[in-house]
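Reading through the structure tokens given below for one structure.
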Amino acid sequence: MNQPLLIPIKSYPNNFDIIRFVLAASVILCHSFAIYYGYEKFLHTEPFMVWSSQQISIGSVAVDLFFIISGFLIVKSFETSSGTFNYLTKRIVRIYPGFIIAFLLSILIAGFIGSELAHNWEGYKLYFHYLYKKKELVRLFTLQDPYQKIFFKGSPEPGVNNSIWTIQFEFFCYLLVPLFAWLGFFKNKWWFFTAFILMYLVFFLQLKGYIFPFKNRNNLFLGNPYFTPRFVMYFLAGACFYHFRTVIVRSNYLALFACIALAISFFWIKCIDMVLPVAGSYFLFFLVFHPRISFGGFAKYGDFSYGVYLYGWPVQALVFYFFKDYIHPYSFFFIALPIAVLMAFLSWHLVEKRFLKFKKRNQFA
């Protein structure tokens, strides 16, 4: 009998929707500790940071897994597109409309509430006058987080939407896919694997401090290039699993081995950054396409994961602003998450879903 494939030929239904939602919720859980305690105390209080001896947070794990999923789905989207223009149109209408509205609401409403100015029309005019409007517009259209950190200055971790900085890197990975096609990656799938290995080595050298040490250098247009190797590596990991989907077998033993490798690197040997791209990818797709665990109808009311990610931080900033004396990190999370889901619901039905009419629908795009 032939060994079943990790990723079946008929890859729908699957669990992408629920897993992406759980990952977005995990980012909110992570930020509940960051906003409540501030960065320094966060390092010693956030559960994953504590358990991993400050290697990685649950939010970082979630973002890394997001990029793996993105690599898989976006390469699939390119293959099913009628051309590069069609592919880019799909990517733009999926990312930009929701991002623009979330960015503007964060700046124009949440930021004003957290500005410590009088909450009246005169206070709002003063607030708007002091905004660095040109810089904010640049960061809006280059998919970065807001420029100014004057918002919620009374919070241990100021800022109105600090988490959306990763969206620029995701869109950068989208732009790499047509370049990969031009270089012939889609004709020879081993090129994807070679690119992944090269980026894995670059990331390893960066972690050791041999190359790209500019961790805190930011560029107005391109954000912080320090994180590029990490995100491109995870994106390529997902792309590799897509391209080798016809040969990667499903095995309970391999899944168990992946879990053991992740646990050892997380708790003991402390090399989770080097193990997660491979072992994490295998176990992720093991769950996504598990034949006995099916949540294929999870998104029947809408795909809320992107909206939860976009609105998580501003919702948490406002919750902390009004209720900081009555909450702790876990109650903070359980208050903020439903509000973020409500905002994601509105974002999906009023913004994202409407713009998706401009792209050719298919189950993976």
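The values are calculated or read from the model by the stated rules, or taken from the named source; none is laboratory data. Values in this document were obtained by computation on a predicted structure and should not be read as measured data. No Cβ is skipped: glycine too gets one built from the backbone with ideal geometry, and neighbour counts run over all protein chains shown.
The one condition from (1) within 20 Å of F169 (Cα to Cα); (2) modelled with pLDDT under 95; (3) buried (at least 16 other Cβ atoms within 10 Å of the Cβ) that Y226 does not meet is (3). Does any residue in segment 272-285 that is in contact (Cβ under 8 Å) with a residue 60 or more places away in the chain and more than 15 Å from G59 (Cβ to Cβ) come within less than 7 Å, Cβ to Cβ, of a residue that is crowded, with 22+ Cβ neighbours inside 10 Å and of a type in the set (G, A, S) six or more places away or on a different chain, and which pairs are these? From residues that are in contact (Cβ under 8 Å) with a residue 60 or more places away in the chain and more than 15 Å from G59 (Cβ to Cβ), the pairs are P277/A237; S281/A237; S281/G238. Of all the numbered requirements in (1) more than 23 Å from G223 (Cα to Cα); (2) in contact with a Ser or Thr (Cβ under 9 Å, 6 or more places away or on another chain); (3) not hydrophobic (A, V, I, L, M, F, W, C), E116 misses one, and that requirement is (2).
Let's see how each residue does on (1) modelled with pLDDT of 95 or more; (2) out of contact with any Cys (no Cβ under 8 Å at 6 or more places or on another chain); (3) among the small types (G, A, S):
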{"residue": "A195", "(1), (2), (3)": "yes, yes, yes"}
{"residue": "L207", "(1), (2), (3)": "no, yes, no"}
{"residue": "Y210", "(1), (2), (3)": "no, yes, no"}
{"residue": "P213", "(1), (2), (3)": "no, yes, no"}
{"residue": "L222", "(1), (2), (3)": "no, yes, no"}
{"residue": "M233", "(1), (2), (3)": "yes, yes, no"}
{"residue": "A237", "(1), (2), (3)": "yes, yes, yes"}
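Just one of the listed residues (L105, L88) is surrounded by fewer than 23 Cβ atoms within 10 Å (Cβ to Cβ), in contact with a Pro (Cβ under 8 Å, 6 or more places away or on another chain), closer than 30 Å to H328 by Cα and not basic (K, R), and it is L105.
Condition check ((1) at pLDDT below 95; (2) touching a Phe, Trp or Tyr at 6+ places or on another chain (Cβ under 7 Å)) across all residues:
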{"residue": "P4", "(1), (2)": "yes, no"}
{"residue": "T45", "(1), (2)": "no, yes"}
{"residue": "A62", "(1), (2)": "no, no"}
{"residue": "G83", "(1), (2)": "yes, no"}
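From the set of residues in segment 133-169 that are among the β-branched types (V, I, T) and closer than 25 Å to F322 by Cβ, which is modelled with the lowest pLDDT? Looking at the filtered set, the residue picked out is I150.
Here A299 fulfils each of the conditions (1) surrounded by fewer than 17 Cβ atoms within 10 Å (Cβ to Cβ); (2) free of Cβ contacts under 8 Å to residues at least 24 places away in the same chain apart from (2). Within segment 267-290, the only residue that satisfies the criterion of being small (G, A, S) and farther than 17 Å from Q55 by Cα is S281. Look at segment 110-127: where a residue is free of Cβ contacts under 8 Å to residues at least 40 places away in the same chain and surrounded by 14 or more Cβ atoms within 10 Å (Cβ to Cβ) and a partner is in a loop (DSSP other than H, G, I, E, B) and among the small types (G, A, S), sitting 6+ places away or on another chain with Cβ atoms under 6 Å, you get Y127/S115. Of all residues in segment 225-254, those satisfying the criterion of being more than 24 Å from V75 (Cα to Cα) and touching a residue at least 24 places away in the same chain (Cβ under 8 Å) are S251, L254. Restricted to segment 248-274, and to residues there that are β-branched (V, I, T) and more than 20 Å from I69 (Cβ to Cβ), the residue that is modelled with the lowest pLDDT is I269.
Please determine, by comparing only the residues of segment 346-365 that are over 18 Å from the mean Cα position of the chain (by Cα) and among the hydrophobic types (A, V, I, L, M, F, W, C), which one is modelled with the lowest pLDDT.
By that ranking, first place goes to F358.
Residues are listed down the side, and each one gets a yes or a no for (1) part of a loop (DSSP other than H, G, I, E, B); (2) β-branched (V, I, T):
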{"position": "V138", "(1), (2)": "no, yes"}
{"position": "Q168", "(1), (2)": "no, no"}
{"position": "F221", "(1), (2)": "yes, no"}
{"position": "Y226", "(1), (2)": "no, no"}
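Quick check on segment 248-268. Is at least one of its residues under 20 Å from Y200 (Cα atoms), more than 20 Å from the chain's Cα centre (by Cα) and of a type in the set (D, E, K, R)? No, segment 248-268 has no match at all.
In this structure, is G38 of a type in the set (G, A, S), surrounded by fewer than 22 Cβ atoms within 10 Å (Cβ to Cβ) and in contact (Cβ under 8 Å) with a residue 60 or more places away in the chain? Quick ask: steps written out before the conclusion?
On the way: of a type in the set (G, A, S): yes; surrounded by fewer than 22 Cβ atoms within 10 Å (Cβ to Cβ): yes; in contact (Cβ under 8 Å) with a residue 60 or more places away in the chain: yes.
Spelling it out, G38 is indeed of a type in the set (G, A, S), surrounded by fewer than 22 Cβ atoms within 10 Å (Cβ to Cβ) and in contact (Cβ under 8 Å) with a residue 60 or more places away in the chain.
Residues that are surrounded by fewer than 21 Cβ atoms within 10 Å (Cβ to Cβ) and not hydroxyl-bearing (S, T, Y) within segment 146-161 comprise Q148, K149, I150, K153, G154, P156, P158, listed in sequence order. Among the residues of segment 71-85, those identified as buried (at least 21 other Cβ atoms within 10 Å of the Cβ) and closer than 20 Å to D303 by Cα are G71, F72, I74, V75, S77. Restricting to segment 297-326, give me the number of residues that are β-branched (V, I, T) and over 12 Å from I35 (Cα atoms). Summing the residues that are β-branched (V, I, T) and over 12 Å from I35 (Cα atoms) in segment 297-326 gives 1.
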